[in-house]
C-alpha cells in the first residue's frame, strides 16, 4: 500500500512538472526579415542578378514606399493581398496628405498604381501574356522586381543613365528625378518618416549588394 502511494505521488509530481513546462515554455519565434531602427525593413529583392547600384536603389525606393517585411503583397494603407496573378487594382481611400479624399490603387513593393503597372508591364514585363485583346500581367514578386529594374535601366525613359549617376555619387539627383513617380522620395511632395533617411538606407543597401557580388 505504501509503495502504491509513493508511485501515485511520483506520477502526480511528474504530471505537474510536465504541465508547468508546457505552460511556461517559450513560444516559437518566427523571424521577420532584418529590420533596423534607422532604416526600417530591409528585405532583399526576389530578383537575381543585375547592377548592384540599381538593386540598392530599388531597395531604397521600397524602404520609403512600402517599408514592410512582406512588401510584395502590401496595398496602400497596409492591407495585404494573396492573389498576385495580376495587379490587385483595389482603390483604397487616402486619409492624409495633398490627395486626401481620393483613393489609391498603389500596390506591391514599389507601390505602383494599376495604370502605371499596366503601362510599364506592357514595355518591360519579361513574360507578357499571349492574348491580343485582353492582357493581365502577373504581379508576382519576381515580375515586380523585373519591371522596375528594366524601367530604371531605360535611359530613354528617364533621359539619363541612372546607374551611371549612382556610380558617380549623385544619389540626390536620382531621387529628385524619381520623386514625381515615387512621391515619398523627397522634395516636398509626400514625404514620410523615411524620406530624410534615404541616403543612409541607400548606402547600407549598396554595401550589402556589393558584398553579395564579391561573394559570388
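I need the full set of residues from segment 100-110 which are part of a loop (DSSP other than H, G, I, E, B) and under 13 Å from residue 87 (Cα atoms), in order please.
Quick first cut of segment 100-110, residues part of a loop (DSSP other than H, G, I, E, B) only: 100-102, 105-106, 108-110.
Selection gives 105, 106, 108, 109, 110.
For segment 33-50, filtering for residues that are out of contact with any helix residue (DSSP H, G or I) (no Cβ under 8 Å at 6 or more places or on another chain) and modelled with pLDDT under 80 leaves 4. In this structure, does residue 141 turn out to be over 15 Å from the mean Cα position of the chain (by Cα) and on the phi < 0 side of the Ramachandran plot? So residue 141 does not fit the description; no.
Touching a strand residue (DSSP E or B) at 6+ places or on another chain (Cβ under 8 Å) and either at pLDDT 65 or above or surrounded by 15 or more Cβ atoms within 10 Å (Cβ to Cβ) (or both): does that describe residue 53? No: the conditions fail for residue 53. Filtering segment 184-207 to residues that are surrounded by fewer than 16 Cβ atoms within 10 Å (Cβ to Cβ) and either out of contact with any helix residue (DSSP H, G or I) (no Cβ under 8 Å at 6 or more places or on another chain) or in a helix (DSSP H, G or I) (or both) leaves 188, 193, 196, 199, 200, 203, 207. Among the criteria (1) more than 28 Å from residue 216 (Cβ to Cβ); (2) out of contact with any helix residue (DSSP H, G or I) (no Cβ under 6 Å at 6 or more places or on another chain), the one residue 146 does not fulfil is (1).
The values are calculated or read from the model by the stated rules, or taken from the named source; none is laboratory data. Everything numeric here is computed off the predicted structure, so don't read it as measured data. Quick reminder, even Gly has a Cβ in these numbers, built from the backbone with ideal geometry, and neighbours come from all protein chains shown.
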